[in-house]
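Visitor: Please read through the structure below; I'll follow up with questions.
The numbers here are math on the coordinates, done by the rules we state, and not lab data. Note that this is a predicted model, so its numbers are computed, not measured. Cβ: placed from backbone, ideal geometry, glycine included. Neighbour counts: every protein chain shown.
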Amino acid sequence: MKSLSIVIPGIILIIFGMIFSFQGQGMVGPETSFMYENEEWSDYGIFISMIGVILILIGYIIEKKKIT
């Protein structure tokens, strides 16, 4: 159950990272947003998503170690 407390924030980070990336590319969000069509936010979104994937992998490894 300890790994679930790591996996859920990882999933949330992936979702937020995708939203930030899409908004930075101009695909999502209001045109008045400071993030809209801003390439920096597209990069930030990818970075945030990668952190989420790393958290999910850490949670998976913790769960595997509990089984063995």
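Visitor: Tally up the residues in region 36-61 that are within 27 Å of Val7 (Cβ to Cβ) and in contact with a helix residue (DSSP H, G or I) (Cβ under 7 Å, 6 or more places away or on another chain), please.
Guide: Within region 36-61, residues that are within 27 Å of Val7 (Cβ to Cβ) and in contact with a helix residue (DSSP H, G or I) (Cβ under 7 Å, 6 or more places away or on another chain) number 14.
Visitor: If you don't mind, another one. What do you reckon, is Ser5 in a helix (DSSP H, G or I) and within 13 Å of the chain's Cα centre (by Cα)?
Guide: No, not satisfied.
Visitor: If Glu40 satisfies every condition in (1) touching a residue at least 60 places away in the same chain (Cβ under 8 Å); (2) part of a helix (DSSP H, G or I); (3) of a type outside the set (A, V, I, L, M) but one, which is the exception?
Guide: Here Glu40 clears every test but (1).
Visitor: Can you find a residue that is surrounded by 14 or more Cβ atoms within 10 Å (Cβ to Cβ), part of a helix (DSSP H, G or I), touching a helix residue (DSSP H, G or I) at 6+ places or on another chain (Cβ under 8 Å) and of a type in the set (Phe, Trp, Tyr) anywhere in region 22-30?
Guide: yes
Visitor: Could you give every pair whose Cβ atoms fall below 9 Å, whose first residue belongs to region 15-27 and is farther than 7 Å from Gly45 by Cβ, and whose second residue is surrounded by 16 or more Cβ atoms within 10 Å (Cβ to Cβ) and hydrophobic (A, V, I, L, M, F, W, C), counting only separations of at least 6 or pairs across chains?
Guide: These pairs meet every condition: Phe16/Ile48; Gln23/Met35; Gln23/Trp41; Gln25/Trp41.
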